[in-house]
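Visitor: Quick one: this structure, given as structure tokens, is what I'll be asking you about.
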């Protein structure tokens, strides 16, 4: 029986101020797929414009329309939209399609409500830290 | 005797160059005959040799190279295409003469349109699109939307005659400026996916016909891509990006993606220049 495939999803914008070359993002995504026995499909690269999720939406639409795609492997969890309502819609669409979201850097898979709660907690803390004053730990 | 002109020379100094520049500025792409036909033939012969080797068949005579590439769809199934593509791509990347040969196909045009100090993409891309194949599509995009610098130009080189859906489409500059004005949402306001965006530009894009022997230079800031090849034969094309060496880089960096190819003497001298160091000396005392 053939395995179901997952679409890679990489970015063109810095993550937390850090730039990761796209070919390195792809290596991480491919490596994640190989180590978890997943069939990888060529990555879609999100557009560089701030706030653009056109490519992510395209991948979601592709998953919803495809019997072959089992989900997506994003380079990082933190590529998801910062707006929790928008993420909630993404989780509901993936659940309705029976699809799984994987985050390669964080080694996380979101396949159900418990997983959603787990990653949403991570994303909430990340958002709070980004908004909080950053103390200096320099001596 | 007429007075010397008060104008600096334009960016170009001949009619062909002026036509190229006007086409790129006004429409967004310029087509011309390859400047080095022998190099183009050598590149195509290499692609044929690599493909034939992968398929374990004898390569055809040079007079049938185009026919061989066109007819790929009769030799392999779509699910075997990616292995072939990778084999040919790796074979091309291993030939150190390939990039200089690609550059010679449009050197004069690149100097007119981009500059004479250039950085060139380190790996020349290969595209194969068999008739009816929907697995090898490059959806609507602008390279600069995906991490390329707005200063880059694409040199697109078909290895077979490409027309209509066998070729690529580009959104002409006037249409892009109207539909996606700088700093405004334009049609992005009503498009949530790339497919929805395509629906809004579909009536405005143009497939660019390019026969073998010609090359295309286009502004990758314009939306472009390909659709399912509805023609009878297979598309084979190479593409490679060039930019002014000292123009800003984006996510495709100097070193990892681009490499300098034509550094001029004064730039080398300037980059190597160091002022002499003035030694720290104690203050000079007044002479008694």
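Visitor: From A:38, A:60, which residue is touching a residue at least 40 places away in the same chain (Cβ under 8 Å) and crowded, with 19+ Cβ neighbours inside 10 Å?
Guide: A:38
Visitor: With within 23 Å of residue B:103 (Cβ to Cβ), within 14 Å of chain A (Cβ to nearest Cβ) and at pLDDT 95 or above as the only criterion, which of B:144, B:167 stands out?
Guide: B:144
Visitor: Follow-up. Quick check on the stretch A:7-19: of everything there that is surrounded by fewer than 17 Cβ atoms within 10 Å (Cβ to Cβ) and touching a residue at least 12 places away in the same chain (Cβ under 8 Å), which residue is nearest to the other protein chains (Cβ to nearest Cβ)?
Guide: A:13
Visitor: Shifting gears a bit: Would you confirm whether or not the stretch B:192-205 contains a residue that is part of a strand (DSSP E or B) and either over 24 Å from the mean Cα position of the chain (by Cα) or in contact (Cβ under 8 Å) with a residue 24 or more places away in the chain (or both)?
Guide: No, the stretch B:192-205 has no match at all.
Yes/no per residue for (1) farther than 22 Å from residue A:13 by Cα; (2) away from chain A (no Cβ under 14 Å); (3) part of a loop (DSSP other than H, G, I, E, B):
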residue	(1), (2), (3)
B:233	yes, yes, yes
B:236	yes, yes, no
B:248	no, no, yes
B:251	no, no, yes
B:256	no, no, yes
B:259	yes, yes, no
B:268	yes, yes, no
B:275	yes, yes, yes
B:279	yes, yes, yes
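Visitor: So for the stretch B:99-120 (the condition being surrounded by fewer than 19 Cβ atoms within 10 Å (Cβ to Cβ), assigned to a loop (DSSP other than H, G, I, E, B) and within 14 Å of chain A (Cβ to nearest Cβ)), does at least one residue qualify?
Guide: no
Visitor: Taking the stretch B:159-178 only, how many residues are within 15 Å of residue B:226 (Cα to Cα) and assigned to a loop (DSSP other than H, G, I, E, B)?
Guide: 5
Visitor: Same structure again: Filtering the stretch B:179-191 down to residues that are in a loop (DSSP other than H, G, I, E, B) and crowded, with 16+ Cβ neighbours inside 10 Å, which residue is nearest to the other protein chains (Cβ to nearest Cβ)?
Guide: Across the stretch B:179-191, the extreme among qualifying residues is B:191.
Visitor: Only residues that are crowded, with 16+ Cβ neighbours inside 10 Å and either out of contact with any strand residue (DSSP E or B) (no Cβ under 6 Å at 6 or more places or on another chain) or within 13 Å of chain B (Cβ to nearest Cβ) (or both): list them for the stretch A:63-74, please.
Guide: Passing the criteria: A:63, A:69.
Visitor: Filter the stretch B:221-231 down to the residues that are part of a strand (DSSP E or B) and crowded, with 20+ Cβ neighbours inside 10 Å and list them by number.
Guide: Within the stretch B:221-231, B:224 is the sole residue that qualifies.
Visitor: Which one is nearest to residue A:20 (Cα to Cα) among residues in the stretch B:147-164 that are within 14 Å of chain A (Cβ to nearest Cβ) and crowded, with 20+ Cβ neighbours inside 10 Å?
Guide: Out of the qualifying residues, it is B:147.
Visitor: From the list B:243, B:253, pick out the single residue that is free of Cβ contacts under 8 Å to residues at least 24 places away in the same chain and either surrounded by 14 or more Cβ atoms within 10 Å (Cβ to Cβ) or under 20 Å from the mean Cα position of the chain (by Cα) (or both).
Guide: B:253
Visitor: Tell me whether the stretch A:86-101 contains one or more residues that are within 20 Å of residue B:141 (Cβ to Cβ) and within 14 Å of chain B (Cβ to nearest Cβ).
Guide: No - not one qualifying residue is present in the stretch A:86-101.
The values are calculated or read from the model by the stated rules, or taken from the named source; none is laboratory data. Fair warning: this is a prediction, and the values are worked out from it, not measured in the lab. Cβ: placed from backbone, ideal geometry, glycine included. Neighbour counts: every protein chain shown.
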